[in-house]
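The values are calculated or read from the model by the stated rules, or taken from the named source; none is laboratory data. Remember, predicted model here, so these are calculated numbers, not experimental data. Don't worry about glycine lacking a Cβ; one is built from the backbone with ideal geometry, like all the others, and counts go over all protein chains shown.
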Amino acid sequence: MSNPVVLSEALEATQATKAQGAGQGGVRAVSAFELAGRMGVNGECAIIDVRTPGEYSAEHVPGSHLLPLDEVDAAAIGRLGLGGGGEFYILCQTGGRARRAAEKLRASGVAGCVVVEGGVEACRAAGVGIVKGESRVLPLMRQVQIVIGLVSATGAGLAILRHPMFALIPLFMGLGLLFAGLSGTCGLAILMAKMPWNRRGAGSGAGVTSCGVDAGGCK
């Protein structure tokens, strides 16, 4: 049975998210709780997942369709039969890539895109049933964290054991994180998304659906 306190907090978060979305470059946003409610009422919503094929193969929201961030543009949305006025939802792992995709589409004149704040992680917390696949690919940002941690630790160790100049390695990684935080763009994440294990999945029979949306959106 649903907890009234949790539902109340979810409603407040939804209203705050709407206000926030209206003030951030006009990109609309909803909470995962609201998406779950609309999926329950309307049955099927047009949901686009902009993560990598590997991430999608590992787990995804039921009924969502894969369109990796680097393939998102007005033409791709048009081929899906979206952008003509009906709402469609964009999500990723935690929300960052979805917002970038929505901003890109909005700048291209595509209407109807709505960001799902918190992405797949928030949908799981909201009680949306997540489809699990056979892939064991880690979420992209966890891959980035592992690489940064490994490289930084290696550089620090070499600085202690070999030569102080190796301290430039963790310094460089720290500056990269600072730039990513300030700009919203992580070069390492973009690079990691192009790695073979992250590109594997689409069309491989792993349950990935790419570029095919039957629903016209949620009204």
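List of remarks:
- Residues of the stretch 78-91 that are part of a loop (DSSP other than H, G, I, E, B) and touching a helix residue (DSSP H, G or I) at 6+ places or on another chain (Cβ under 6 Å): 83 alone.
- Filtering the stretch 126-141 to residues that are surrounded by fewer than 20 Cβ atoms within 10 Å (Cβ to Cβ) and either in a helix (DSSP H, G or I) or among the acidic types (Asp, Glu) (or both) leaves 134, 141.
- Subset of the stretch 92-125 [in a loop (DSSP other than H, G, I, E, B) and under 16 Å from the mean Cα position of the chain (by Cα)]: 92, 93, 94, 95, 117, 118
- Looking across the stretch 104-122, the residues that are under 22 Å from residue 71 (Cβ atoms) and not aliphatic (A, V, I, L, M) come down to 104, 106, 108, 109, 112, 113, 119.
- A single member of 98, 153 is in contact with a Cys (Cβ under 6 Å, 6 or more places away or on another chain) and small (Gly, Ala, Ser), and it is 98.
- Each residue in the stretch 163-207 was checked for being modelled with pLDDT under 85 and exposed (fewer than 14 other Cβ atoms within 10 Å of the Cβ), and 13 of them qualify.
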